[in-house]
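For reference, the structure discussed in these notes is given below.
The values are calculated or read from the model by the stated rules, or taken from the named source; none is laboratory data. This structure is a prediction, so every number in the text was calculated from the model and none was measured. Methodologically, a virtual Cβ is constructed for each residue, glycine included, from the backbone with ideal geometry; neighbour enumeration extends over all protein chains shown. Protein only, heavy atoms only, side chains kept; ligands, DNA and RNA dropped before computing areas. Shrake-Rupley method; radii C 1.70, N 1.55, O 1.52, S 1.80 Å.
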Amino acid sequence: MSKSFASRIVTYFATLFLFAMSALFALWFFGLPAVGLQGASSQKLNEAMRVLELSANHLREVLDANIAERRGDMLVIAENRLLAENIAQGKTHLRNNFERVVERTQRAYPDRFRSLQLIDPVSGNILAASNNDETGQRFSNRDLLDRASAPGISEMIEQFDDKEGTTLAILRQIHAPDPEGYPNGKLVA
């Protein structure tokens with residue numbers, strides 16, 4: 001049976017309409033990059049990339065600020081004259097004085113440090129630590145300690161693996177005080 005003329009026109013019109021709508025949707029979604037027409041998918045992708053980049057930049061700035069603050073805290077502890085004198089003279093009050101400094105630091109900046117340690121650069125032994133169980137033990141990464149003890153290196157920030165997992169360590173040299181009381185003497189921790 002042959003179709004009537006009206007039904008053929010309706011079929012052609014419906015097919016043409018579906019084709020036109022599909023072409024318009026594809027043009028809207030994918031665009032025509034050859035002529036510079038950007039589609040909705042690439043616009044959304046570009047917007048998502050921009051938001052992710054802004055978020056990553058913000059997180060990097062926060063991390064940089066946090067590391068700068070912790071470096072400042074380490075500078076204050078490393079230039080503590082009483083601790084430097086105790087280490088240089090081998091006094092027994094070192095642990096008590098270090099515990100007091102650690103307690104003040106933890107009270108001022110709670111949950112900022114996992115561990116604080118004073119390490120002998122020659123032997124690699126931990127002279128004092130925020131965790132008393134670590135005192136007297138050897139520092140776990142001798143290579144890192146040797147690099148941090150090298151002349152001309154006053155501070156190092158390094159990521160390394162220890163028994164508690166990956167750690168970001170801020171290592172700062174402590175020098176014995178000179179006769180005027182400034183930390184310019186020999187390296188003691």
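Of the residues that make up the stretch 5-24, is at least one within 30 Å of MET156 (Cα to Cα), of a type in the set (Gly, Ala, Ser), in a helix (DSSP H, G or I) and at pLDDT 90 or above?
Restricting attention to the stretch 5-24, the residues satisfying the condition of being within 30 Å of MET156 (Cα to Cα) are none.
Within the stretch 5-24 (the criterion being within 30 Å of MET156 (Cα to Cα), of a type in the set (Gly, Ala, Ser), in a helix (DSSP H, G or I) and at pLDDT 90 or above), the answer is no, since none of the residues qualifies.
Given (1) without any contact (Cβ under 8 Å) to a residue 12 or more places away in the chain; (2) open to solvent by 100 Å² or more (accessible area, probe 1.4 Å); (3) of a type outside the set (Asp, Glu), where does TRP28 come up short, assuming only one miss?
Result: TRP28 fails condition (1) only.
Pairs under 7 Å by beta carbon, first residue without any contact (Cβ under 8 Å) to a residue 40 or more places away in the chain in the stretch 83-108, partner open to solvent by 60 Å² or more (accessible area, probe 1.4 Å), six or more apart or different chains?
As it stands, the answer is ASN86/HIS93; ASN97/LEU82, since those pairs meet every condition given.
If you take just the strands (runs of 3 or more DSSP E) that sit entirely in the stretch 102-163, which of them hold at least 3 residues that are closer than 16 Å to VAL188 by Cα? Let's see the steps before the verdict.
Numbers: elements: 117-119, 126-129, 155-162.
Per the criteria, 117-119, 126-129.
Restricting attention to the stretch 142-189, report how many residues are open to solvent by less than 40 Å² (accessible area, probe 1.4 Å) and polar (S, T, N, Q).
Total satisfying the criteria: 3.
Pick from the stretch 77-118 the residues that are within 11 Å of SER130 (Cα to Cα) and of a type in the set (D, E, K, R): which of them is surrounded by the most Cβ atoms within 10 Å (Cβ to Cβ)?
Restricting to residues being within 11 Å of SER130 (Cα to Cα) and of a type in the set (D, E, K, R), the top hit is ARG95.
So, in the stretch 119-141, of the ones that are in contact (Cβ under 8 Å) with a residue 40 or more places away in the chain and farther than 22 Å from GLY165 by Cβ, which residue ends up least open to solvent (accessible area, probe 1.4 Å)? Talk me through it step by step, then tell me what you get.
Narrowing the stretch 119-141 to residues in contact (Cβ under 8 Å) with a residue 40 or more places away in the chain: 119-121, 127, 135.
Adding the requirement that they be farther than 22 Å from GLY165 by Cβ leaves 120-121, 127.
Numbers: ASP120: 43, PRO121: 19, LEU127: 51 Å².
Per the criteria, the residue is PRO121.
Any residue in the stretch 63-81 that is within 15 Å of PHE113 (Cα to Cα) sitting within a Cβ distance under 7 Å of a residue that is of a type in the set (Ser, Thr, Tyr) and surrounded by 12 or more Cβ atoms within 10 Å (Cβ to Cβ)? List the pairs, counting only those 6 or more apart or interchain.
ASP73/THR105; ASP73/TYR109; ILE77/THR105
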